[in-house]
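The structure appears below as structure tokens.
Every read-out reported here was derived from the displayed coordinates using simple, explicitly stated rules and does not represent laboratory data. Source: prediction; values computed, not measured. Methodologically, a virtual Cβ is constructed for each residue, glycine included, from the backbone with ideal geometry; neighbour enumeration extends over all protein chains shown.
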Amino acid sequence: MRALFAALLICACAGKKYPDGCDPADAGCVTPCSTGNALAVGEHCTRGGDQCTKNFSTGKAYLCTTDFDKDAGLSFCTMVCSTNTDCGAGAVCTNGGGTGPKGCVPALCSPDDPGTP
């Protein structure tokens, strides 16, 4: 009986670890299942979906990248920042090497950019 239970448990746990489309190895640094950090930086969003605007009154990431750049490639909640500390754990404050305003980006999405200390 114990062997049968162990075999059933192994079979049940051998399935996918992530829901379809949510395995970071397949989808990149932000997946449709990404919830972001404590400040919602990195939370998945869709163009015009208003997923990030709910964060505005709480001081969390309230802008969806694809609402401002439909060709951004990555769709996640962000916010304006001055330093990495503004972005919370696992995120950096960067302007991508440009001269424009800075925004919070999940560190996994920008591995070569240390952000602004």
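Spin-label pair Arg47-Cys29: with each label point 7 Å from Cα along the Cα-Cβ axis, the two points sit 2.1 nm from one another. Multiply the residue separation of Ala38 and Ser57 by 0.36 nm, subtract the distance between their alpha-carbon atoms, and state the gained length in nm to one decimal. 5.4 nm is the gain from fully extending Ala38 to Ser57. Across the stretch 36-117, the relative contact order, built from alpha-carbon pairs under 8 Å that are at least six residues apart, equals 26 percent. Each principal axis of the stretch 36-117 carries a Cα extent, and these read 31, 27, 21 Å when sorted largest first. Across the stretch 81-100, the residues whose backbone nitrogen lies under 11 Å from the label position 7 Å along the beta-carbon direction of Phe68 are 81, 94-96, 100.
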